[in-house]
1. Quick check on my filter: what residues within region 693-717 are out of contact with any strand residue (DSSP E or B) (no Cβ under 7 Å at 6 or more places or on another chain) and free of Cβ contacts under 8 Å to residues at least 40 places away in the same chain?
2. Assess whether residue 705 counts as being loosely packed, with under 14 Cβ neighbours inside 10 Å and under 15 Å from residue 688 (Cβ atoms).
3. Got at least one residue in region 575-588 being outside any loop (DSSP other than H, G, I, E, B), touching a strand residue (DSSP E or B) at 6+ places or on another chain (Cβ under 7 Å), in the same structural domain as residue 709 (by TED's automatic domain parsing) and buried (at least 17 other Cβ atoms within 10 Å of the Cβ)?
4. Which condition does residue 721 not pass, out of (1) more than 41 Å from the chain's Cα centre (by Cα); (2) modelled with pLDDT of 90 or more, if it passes all the others?
5. Scan region 589-608 residue by residue and report those that are part of a helix (DSSP H, G or I) and farther than 19 Å from residue 683 by Cα.
6. Across region 641-653, which residue is surrounded by the most Cβ atoms within 10 Å (Cβ to Cβ) among those that are out of contact with any strand residue (DSSP E or B) (no Cβ under 6 Å at 6 or more places or on another chain) and touching a residue at least 12 places away in the same chain (Cβ under 8 Å)?
């Protein structure tokens with residue numbers, strides 16, 4: 001046995017660590033490990049080796065692991081009693097492998113009393129390369145003599161305000177070659193951050209307290225988390241190893257934001273460079289998803305730096321309502337149709353939804369299933385964050401009970417074996433089908449191991465549960481059926497939303513008419529990203545299944561909706577309404593009728609997505625060609641050119657189906673598939689805005705004297721060619737004609753009268 005002398009040495013510091021700040025590096029100095037700020041190289045201090053054996057300790061100062069913002073774009077850190085660091089040596093004395101305790105990295109624990117990271121590790125005299133890592137146990141993968149890695153979780157959690165949670169996800173590393181055995185040759189390691197920090201300031205601009213539960217930060221195609229190889233510990237250089245995703249999800253506990261207040265959410269992400277595209281920020285409450293899309297060019301987040309951004313919660317500008325889903329719990333509940341597919345993680349009690357990708361590089365050749373965590377509220381059926389999940393279709397297999405193809409992109413999902421795991425792949429073989437059985441057949445099936453579905457066979461020799469590979473591991477395959485009730489129809493459930501208040505709970509919007517019960521009515525709204533990156537409401541509708549058209553379309557008009565997007569005639573079905581109720585819009589109606597927009601495409605030119613939604617069938621009615629192309633077009637242009645204001649113009653465009661058709665208009669026509677499409681007897685536009693147009697106030701807070709509203713009412717005739725003062729009437733008149741009540745969210749709207757001169761006549 002090789003003899004060696006053991007001496008105790010203590011790595012001293014140049015000075016005590018006092019929450020120094022970093023720009024690209026963190027400030028603090030270990031005795032053996034020093035944390036340095038501002039990317040400056042650590043100065044080495046002389047040290048004294050005492051005793052006959054070399055016993056290693058780390059000298060530091062501070063009493064807590066605390067993360068606080070510095071004034072130079074960084075974070076400052078101190079240490080807490082019980083913090084640990086892991087250290088390996090290049091010669092294999094420590095950490096030459098990972099199979100036994102003797103070869104694992106040595107653990108050094110911070111002792112607040114002595115101010116040292118202490119352990120029992122010893123070394124004989126000689127030259128060593130020390131490789132150190134600080135990370136929470138849940139994050140640490142390994143630091144060995146020749147290699148190192150770290151796992152950064154995609155799902156993080158913050159409780160209350162502050163940065164106390166950051167230490168659970170951050171990682172610091174160092175490497176230094178030094179000779180042990182001299183009286184003054186003492187190594188000093190400069191600890192550096194592997195990762196970066198993101199601060200998202202949530203501003204509550206609503207009128208009531210908001211209780212957010214989740215924040216998501218997405219940079220498409222960039223590895224924000226996963227398992228990373230540490231290529232260079234000295235300079236904290238990493239590369240993607242596996243299981244990476246481009247979205248980091250932060251759960252919030254004990255957070256509420258009063259009206260007008262703000263809250264800072266912090267997360268840890270991997271650094272990246274050169275991103276061009278849209279970053280996406282989502283804030284979820286129990287009932288709403290507030291979304292911000294920010295276009296970026298050459299965007300980077302530097303290692304050890306703090307990236308700050310904000311999202312303003314403001315209903316009507318960046319809010320969308322999540323669809324509701326039902327977790328399918330038995331084979332009897334399964335039907336042909338479209339679903340979301342997920343694995344269940346018993347590690348953190350969450351479902352991980354398939355994104356349509358396989359493998360770590362997005363190719364189909366790797367069998368591993370790529371997923372994204374979403375938040376499923378079983379009591380409400382709300383699934384937050386499902387926009388990243390892939391939609392699959394279950395297609396029954398003829399002649400086999402409870403057997404389905406899982407179809408995706410014209411291919412079939414099937415099961416393959418990879419070691420002890422059963423993974424997923426795609427293929428074109430028509431024999432790739434699945435047979436389902438209820439949970440009583442056994443297997444890991446749900447949160448309580450007694451509910452849900454299990455895979456009995458997948459046309460392979462393997463049976464049992466499919467394990468989806470993504471940290472944390474998921475067990476079992478589950479299906480979520482989208483509910484169309486309360487979401488405006490679609491799928492195989494065409495029932496209208498009968499909840500009150502109207503339009504998916506969005507009652508605060510000034511343009512919305514009052515909810516009116518109707519057996520054939522479907523209430524729905526569309527939202528889309530505008531040119532600035534915000535998600536804005538586009539329009540709301542009362543769609544009448546019996547007319548294959550909307551009774552009214554309500555929308556705001558403002559310069560923010562105007563841009564340079566050119567018209568493209570992308571006529572199509574509304575994806576949120578059952579196609580059986582809609583007119584086919586691949587070509588014009590039969591006869592001399594145009595596909596008449598209720599919301600003009602020219603009013604939505606800020607983004608392609610918003611423009612395309614104006615070509616949905618639900619926004620179309622059969623409109624006499626001359627009516628549409630002359631008088632109606634003149635009126636639409638008048639609104640854009642003369643009535644848009646800084647305070648916002650609110651519009652309801654409607655089609656009335658009475659009994660007094662003009663002789664030039666037939667009671668109905670058909671689409672090109674032969675579906676009967678009734679023709680309106682009247683068209684109208686109801687307008688509301690402030691008189692000055694520049695009050696800077698919401699119309700809901702204005703006095704009657706500050707507001708004006710009017711209705712432009714027209715009988716549907718072929719000869720309509722110009723707009724005159726005789727077309728104007730009080731809003732009360734159109735309410736009597738149609739039975740709808742307008743501007744119910746604006747208590748002071750002057751609906752009984754109007755002044756033609758105030759509208760330019």
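1. Matches in region 693-717: 701, 705.
2. Yes, satisfied.
3. No: region 575-588 contains no residue that is outside any loop (DSSP other than H, G, I, E, B), touching a strand residue (DSSP E or B) at 6+ places or on another chain (Cβ under 7 Å), in the same structural domain as residue 709 (by TED's automatic domain parsing) and buried (at least 17 other Cβ atoms within 10 Å of the Cβ).
4. Status for residue 721: all satisfied but (2).
5. 608
6. Among them, the one singled out is 646.
Listed here are the residues, each with its yes/no results for (1) modelled with pLDDT of 90 or more; (2) surrounded by fewer than 18 Cβ atoms within 10 Å (Cβ to Cβ).
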position	(1), (2)
251	no, no
255	yes, no
286	no, yes
297	no, yes
317	no, no
325	no, no
330	no, yes
333	no, yes
346	no, yes
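Matching residues to (1) part of a strand (DSSP E or B); (2) over 39 Å from the mean Cα position of the chain (by Cα):
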{"position": "610", "(1), (2)": "no, no"}
{"position": "626", "(1), (2)": "no, yes"}
{"position": "641", "(1), (2)": "no, no"}
{"position": "646", "(1), (2)": "no, no"}
{"position": "651", "(1), (2)": "yes, no"}
{"position": "663", "(1), (2)": "no, yes"}
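The values are calculated or read from the model by the stated rules, or taken from the named source; none is laboratory data. Quick caveat, the model's predicted, so the values are computed rather than measured. Cβ atoms come from the backbone with ideal geometry, glycine included; neighbour counts cover every protein chain shown.
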